[in-house]
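Trainee: Just passing along the structure, written as structure tokens.
Computed from the coordinates by the stated procedures, all read-outs in this text should not be read as laboratory data. A quick note: this is a predicted structure, and the numbers were derived from the prediction, not measured. Glycine also receives a Cβ, built like all others from the backbone with ideal geometry; neighbour counts cover every protein chain displayed.
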Amino acid sequence: MRTPLTFVTVVFETETPLLELQARSMSIHLDPEEIDRILILDNCVLGMTPITRRRVLREYGALKSRVHIVRTKELIDPGATGGWRSQQAAKLAIASRVDTPHYVVLDAKNHFTRATTAAEFVDDEGRAFGRSHPYDSHPLRDSLVSTLRYLDAGADLVERALAAFPPTATPFVFDTATVRTLIDDVERRSGLAFGEEFERRQLLEFFLYAGWVETRGPGLAALRNDLPIPSPTIWPKAASERGVRSAAAEHESANAAVFAVHRQVLGKADPATRDLIAARWTDFGLFPDVPSARAFIRRFRRRYLPSLIWTRGVERLRRSFRNAGHGKRAPKLTSPELRSETSAI
């Protein structure tokens, strides 16, 4: 029998409705026998409310007993980093709570669309799925190079990485033992807590993991099979009928098990585009009919801007109190500007 997986998903206030949808999709499409635990990284400024917790947990159905909610501040010192940066660091720090050889990191925007097994994330040889792609002209090129230089990578490795390197999109499969060793190494070399060093060096979680594996670990070829995990995503720049149809066609062509809709798409899309999204979600079995999916989108839209404004306001207030008199640079906001990601990893 294949070893069960741990799934880790990170959420903040504005995306909790999308987490409900993800939970529903996991309840419908995942086999409980192939799941060890589902760990929710709660990065809400004040933590998820009791009502939100109940709504989310209810959607997991038979998987509810496998779900554990972990505040990011339990893993990362909130005085060292915060918001978006703490979300990134927590995806690695959570390895200390994982009992399985691998764990799959999701964003709240991801949802499952068909019956899915662990074999689509880890192969029979114990290698994680995930395809590399070029970074020569990628918006995150400089971040990749700076991360590799932080890890003392040579010029040859930097050149190879720019030609092909793992992406920064979810689902992303981590080797648990490797992540733990990485964190120990970062803390030993820097003399700082992992979260503090992560913030100080402005690191990105996926680049740090893959770069460390290449420079100080067994090498990516030993841990990854370079086969994709298709996950078509509707990004804000494609918040149109054409964009939805393109992502839907990619999903169908790849027989993808995962789909994603970015929160900003639901906030900015016109009615026709929203109707196409509602139809896709209904096709995936996430809603009994299109009107029900439309109602979900309307509820999301009513909450979207108020939630975003409230979250940013509270976090700014807390940061101002925390940093008053200390001259510290405030950590990033919970809801950052978009970073460029890819649709299949």
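Trainee: Within segment 135-153, track down each residue that is under 16 Å from residue 185 (Cβ atoms), part of a loop (DSSP other than H, G, I, E, B) and hydrophobic (A, V, I, L, M, F, W, C).
Mentor: 151, 153
Trainee: Can I ask one more? Against the definition (free of Cβ contacts under 8 Å to residues at least 24 places away in the same chain and under 24 Å from residue 299 (Cα atoms)), how does residue 53 come out, yes or no?
Mentor: The answer is yes for residue 53.
Trainee: Something else: As an exercise: evaluate residue 169 against (1) part of a helix (DSSP H, G or I); (2) under 18 Å from residue 102 (Cα atoms); (3) small (Gly, Ala, Ser) and give the number of the one condition it does not meet.
Mentor: (1)
Trainee: All but one of (1) hydrophobic (A, V, I, L, M, F, W, C); (2) buried (at least 19 other Cβ atoms within 10 Å of the Cβ); (3) in contact with a helix residue (DSSP H, G or I) (Cβ under 7 Å, 6 or more places away or on another chain) hold for residue 290; which doesn't?
Mentor: Of (1) hydrophobic (A, V, I, L, M, F, W, C); (2) buried (at least 19 other Cβ atoms within 10 Å of the Cβ); (3) in contact with a helix residue (DSSP H, G or I) (Cβ under 7 Å, 6 or more places away or on another chain), only one is false for residue 290: (2).
Trainee: Residue check: is residue 37 farther than 30 Å from residue 198 by Cα, of a type outside the set (Ser, Thr, Tyr) and outside any helix (DSSP H, G or I)?
Mentor: no
Trainee: Continuing with the same structure: If we scan segment 153-167, do we find a residue that is out of contact with any Cys (no Cβ under 8 Å at 6 or more places or on another chain) and under 20 Å from residue 258 (Cα atoms)?
Mentor: Scanning segment 153-167 turns up at least one residue that is out of contact with any Cys (no Cβ under 8 Å at 6 or more places or on another chain) and under 20 Å from residue 258 (Cα atoms).
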